[in-house]
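Reading through the structure tokens given below for one structure.
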Amino acid sequence: MSAIDGLPPLREVIAAYDLAPKKSLGQNFLLDLNLTGRIARQAMPLDDACVVEVGPGPGGLTRALLAEGAKHVIAIEKDPRCVAALEAVAAHHPGRLTIVPADALSVDLAALTDERPLKVVANLPYNVGTQLLLDWIATPTWPPAWESLTLMFQREVAERIVAAPGTSHYGRLGVLAGWRTRARILFDVSREAFTPPPKVTSSIVQLTPRAEPLPVALSALERVTAAAFGQRRKMLRQSLKPLGGEALLDGCGIEPTRRAETLTIEEFVRLANAL
Ligand code: SAM
């Protein structure tokens, strides 16, 4: 029996449902109940919330979210083997866990449910984590359907998400995340906490929507950041040449000899709006 919910320990679940971790699905499972509980609590309050979890796997974090009182958890899982294991968790918590057997990349969060507040909590598969985050940030309407994103990433990706201008991790991801959200790293999770252990340390990142992001078309912001950071060692007059180069920079009052990583988000927005 497990201490948090009376369901079998995760190691037994993994053995019973033959959940040998698959690298292709980014399967590094968390089996430590103290840790999954700590992650779930970062998204509190949960008792009035609908939590969307991407990649529940054998259900460690899912069970922690339910034990911490989440009103409703919608768990999106691509691996049919895990879906079978999760059905036992759903039966144990009638009406509180909905399993969506799908590729999360094809799920529109806003259309998934009308329940609000909606919070996303996930130990993301490393191979699609960044794309999912970009999809959630780049939603056409703002504020977004979600109230917070509490997500596990590889430490290096987490540093890029929260990076400030002038730092080595600052790039396209930091500009897009910083434009629409406030993002911070909450804590690190060591490799040994996972089964099997990944190659690098992970971090929990939390993002909340900015009420009034600077007005700009996302497509223009993406074009400018892609061009500027595509050649990050070059001066902007060179890297932004296809978009107007010195004329564009002069028009925005930005010194053409500067490099991408020195620009603030406000300056990127100015460039994008001038395109
Ligand atoms: N949440 C579990 C935990 O913390 O132990 C498992 C996390 S594991 C890092 C990632 C999970 O995402 C796996 O269960 C994997 O099958 C699932 N997954 C991978 N790609 C996915 C996708 N495109 N859509 C939904 N789930 C996916």
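The values are calculated or read from the model by the stated rules, or taken from the named source; none is laboratory data. From a predicted model like this one, the values you see are computed outputs, not experimental measurements. With ideal geometry, Cβ positions are generated from the backbone for all residues, glycine too; neighbour counts draw on all protein chains shown.
Among what's in region 22-42 and is of a type in the set (S, T, N, Q) and part of a helix (DSSP H, G or I), pick the residue that is farthest from LYS119 (Cα to Cα).
It comes out as SER24.
Output yes when any residue across region 47-55 is crowded, with 16+ Cβ neighbours inside 10 Å, under 16 Å from GLU87 (Cα atoms) and touching a Gly at 6+ places or on another chain (Cβ under 8 Å), and no when none is.
Yes - at least one qualifying residue is present in region 47-55.
Scan (1) surrounded by fewer than 19 Cβ atoms within 10 Å (Cβ to Cβ); (2) over 14 Å from LYS119 (Cβ atoms); (3) in contact with a Lys or Arg (Cβ under 7 Å, 6 or more places away or on another chain) for the single condition LEU19 breaks and write down its number.
Just one mismatch for LEU19, condition (1).
Within region 43-113, which helices (runs of 4 or more DSSP H) (wholly inside it) include 1 or more residues that are under 25 Å from TYR17 (Cα atoms), touching a residue at least 24 places away in the same chain (Cβ under 8 Å) and assigned by TED's automatic domain parsing to the domain that holds ILE14? Explain how you work it out, then say what you get.
Working: elements: 60-67, 80-92, 109-112.
In region 43-113, 60-67, 80-92 are the helices (runs of 4 or more DSSP H) which contain 1 or more residues that are under 25 Å from TYR17 (Cα atoms), touching a residue at least 24 places away in the same chain (Cβ under 8 Å) and assigned by TED's automatic domain parsing to the domain that holds ILE14.
Is it the case that THR141 is under 27 Å from GLY230 (Cα atoms) and among the β-branched types (Val, Ile, Thr)?
The answer is no for THR141.
In this structure, does VAL205 turn out to be at pLDDT 95 or above, under 30 Å from ILE14 (Cβ atoms) and either of a type in the set (A, V, I, L, M, F, W, C) or crowded, with 16+ Cβ neighbours inside 10 Å (or both)?
Taking the combined requirement at face value, the residue satisfies it.
Restricting attention to region 163-171, does a residue exist that is out of contact with any Ser or Thr (no Cβ under 8 Å at 6 or more places or on another chain), of a type in the set (Phe, Trp, Tyr) and over 26 Å from LEU109 (Cα atoms)?
Yes, because at least one residue in region 163-171 is out of contact with any Ser or Thr (no Cβ under 8 Å at 6 or more places or on another chain), of a type in the set (Phe, Trp, Tyr) and over 26 Å from LEU109 (Cα atoms).
Which one of ALA217, ALA228, ALA164, ALA211 is buried (at least 21 other Cβ atoms within 10 Å of the Cβ) and either away from the ligand (no atom under 16 Å from the Cβ) or at positive phi (or both)? Working first, answer last.
Values: ALA217 fails: buried (at least 21 other Cβ atoms within 10 Å of the Cβ); ALA164 fails: buried (at least 21 other Cβ atoms within 10 Å of the Cβ); ALA211 fails: buried (at least 21 other Cβ atoms within 10 Å of the Cβ).
After ruling out the rest, the residue left standing is ALA228.
What are the pairs with Cβ atoms under 8 angstrom where one residue, in region 167-179, is β-branched (Val, Ile, Thr) and the other, located anywhere, is outside any loop (DSSP other than H, G, I, E, B)? Sequence gap at least six, or different chains.
THR167/GLU261; VAL175/LEU221; VAL175/THR225; VAL175/ILE265; VAL175/PHE268
Please determine, by comparing only the residues of region 177-202 that are more than 25 Å from LEU10 (Cα to Cα) and β-branched (Val, Ile, Thr), which one is surrounded by the most Cβ atoms within 10 Å (Cβ to Cβ).
Going through the qualifying residues, I end up with THR181.
Take the residues in region 58-67 that are within 9 Å of the ligand (Cβ to nearest atom) and not aliphatic (A, V, I, L, M), then tell me which one is nearest to the chain's Cα centre (by Cα).
Among those residues, the one meeting the criterion is THR62.
Only residues that are small (Gly, Ala, Ser) and either more than 16 Å from the ligand (Cβ to nearest atom) or over 27 Å from PRO215 (Cα atoms) (or both): list them for region 114-154, please.
Passing the criteria: ALA122, ALA138, ALA145, SER148.
Can you name the residue in region 68-113 that is more than 18 Å from ALA49 (Cα to Cα) and among the small types (Gly, Ala, Ser) and, of all such residues, is nearest to the ligand (Cβ to nearest atom)?
Filtering region 68-113 for residues that are more than 18 Å from ALA49 (Cα to Cα) and among the small types (Gly, Ala, Ser), the one nearest to the ligand (Cβ to nearest atom) comes out as ALA104.
Do we have any residue at all in region 20-28 that's away from the ligand (no atom under 14 Å from the Cβ) and either basic (Lys, Arg) or under 21 Å from ARG191 (Cβ atoms) (or both)?
Scanning region 20-28 turns up no residue that is away from the ligand (no atom under 14 Å from the Cβ) and either basic (Lys, Arg) or under 21 Å from ARG191 (Cβ atoms) (or both).
For region 24-41, which residues satisfy the criterion of being over 20 Å from LEU65 (Cβ atoms) and either surrounded by 13 or more Cβ atoms within 10 Å (Cβ to Cβ) or modelled with pLDDT under 95 (or both)?
Matches in region 24-41: LEU25 only.
With respect to ARG11, determine if the residue is more than 11 Å from the ligand (Cβ to nearest atom), within 18 Å of the chain's Cα centre (by Cα) and within 27 Å of LEU186 (Cβ to Cβ).
Against the criterion (more than 11 Å from the ligand (Cβ to nearest atom), within 18 Å of the chain's Cα centre (by Cα) and within 27 Å of LEU186 (Cβ to Cβ)), ARG11 does not qualify.
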